[in-house]
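Since the structure comes first, as structure tokens, the remarks are kept for the end.
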Amino acid sequence: MLKNPRVENTKTIREFQTSNNYSRENSLIIKADTSDAIQKIFLPIIVDYYIFDKNGEQICYANSKTCSGDQIKELIKGELDNFSKCKNDSVTLEKILEQTYDLSENPITKSRFQKSDYYIVTYWAKYLGGKKAYEDTVVFLEDQISESNSSLKFTAININTDLQENWGFIAGGKAKLKYKQKGGNLTLTIDDLPIKK
């Protein structure tokens with residue numbers, strides 16, 4: 001399902017969501033440039049989700065389930081004993097939002113979102129599985145929240161990390177995604193970034 005990353009822009013991200021009848025509410029795009037683009041586009045692989053409390057402080061799962069979907073289900077069911085404040089508090093909702101802009105290319109702050117007990121941030125990219133991957137992460141989370149009968153209020157924030165034209169890349173250009181599997185390890189690299197000269 002992995003594809004060579006194509007250079008996107010705000011318009012192509014909006015069109016992807018609109019053409020597939022996905023909500024664009026709370027959809028953001030991560031900021032980057034050519035110096036940190038590879039780190040940013042790999043975020044959906046590295047981070048399943050971030051959870052923040054109403055104050056914007058990160059909380060972490062503190063039980064035995066390893067599936068991120070099961071962990072989210074526990075949170076939304078209100079099984080809060082399975083979560084605690086993270087030991088590393090360097091990640092906050094404000095810091096994450098400072099690194100994004102909305103689909104109108106405006107900066108974002110926490111005040112943009114309705115007040116919630118929990119904010120759940122997910123990352124996604126078209127090159128990482130397209131429609132199926134989007135549904136497995138973003139739509140899954142939105143469905144869990146909308147179907148919840150919990151008294152808690154949740155807000156899903158979805159951040160796209162595809163290569164972007166305004167990061168300094170050639171519109172419509174492609175990079176080459178290479179992967180090697182050795183034993184139980186998978187190594188991903190991206191070559192030939194289409195950087196504007």
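The values are calculated or read from the model by the stated rules, or taken from the named source; none is laboratory data. Note that the coordinates shown come from a computational prediction; the quantities given were computed from them, not determined experimentally. Glycine gets a Cβ as well: all are built from the backbone with ideal geometry, and neighbour counts include every protein chain shown.
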If I filter segment 66-77 for residues that are in contact with a Pro (Cβ under 7 Å, 6 or more places away or on another chain), of a type outside the set (S, T, N, Q) and not in a loop (DSSP other than H, G, I, E, B), do I get at least one hit? no
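Each row is one residue, and each column tells you yes or no for (1) surrounded by 22 or more Cβ atoms within 10 Å (Cβ to Cβ); (2) of a type in the set (F, W, Y); (3) part of a strand (DSSP E or B); (4) touching a helix residue (DSSP H, G or I) at 6+ places or on another chain (Cβ under 8 Å).
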residue: S111; (1), (2), (3), (4): no, no, no, no
residue: Q114; (1), (2), (3), (4): no, no, no, no
residue: V121; (1), (2), (3), (4): yes, no, yes, yes
residue: K131; (1), (2), (3), (4): no, no, no, no
residue: D143; (1), (2), (3), (4): no, no, no, no
residue: S151; (1), (2), (3), (4): no, no, no, no
residue: I159; (1), (2), (3), (4): yes, no, yes, yes
residue: A171; (1), (2), (3), (4): no, no, no, yes
residue: Y179; (1), (2), (3), (4): no, yes, yes, no
Pair list, Cβ under 8 Å, 6 or more apart: segment 176-193 residue on the phi > 0 side of the Ramachandran plot, other residue of a type in the set (A, V, I, L, M, F, W, C) and not in a strand (DSSP E or B): D192/A175
Selection within segment 109-136 - modelled with pLDDT of 95 or more and of a type in the set (V, I, T): I120, V121, T122
Does segment 57-75 contain at least one residue that is in contact with a Gly (Cβ under 9 Å, 6 or more places away or on another chain) and not polar (S, T, N, Q)? no
Scanning segment 45-54 residue by residue, the ones that are of a type outside the set (D, E, K, R) and modelled with pLDDT of 95 or more total 4
Only one of K85, K110, K73 that is more than 18 Å from the chain's Cα centre (by Cα) and more than 22 Å from D162 (Cβ to Cβ): K85
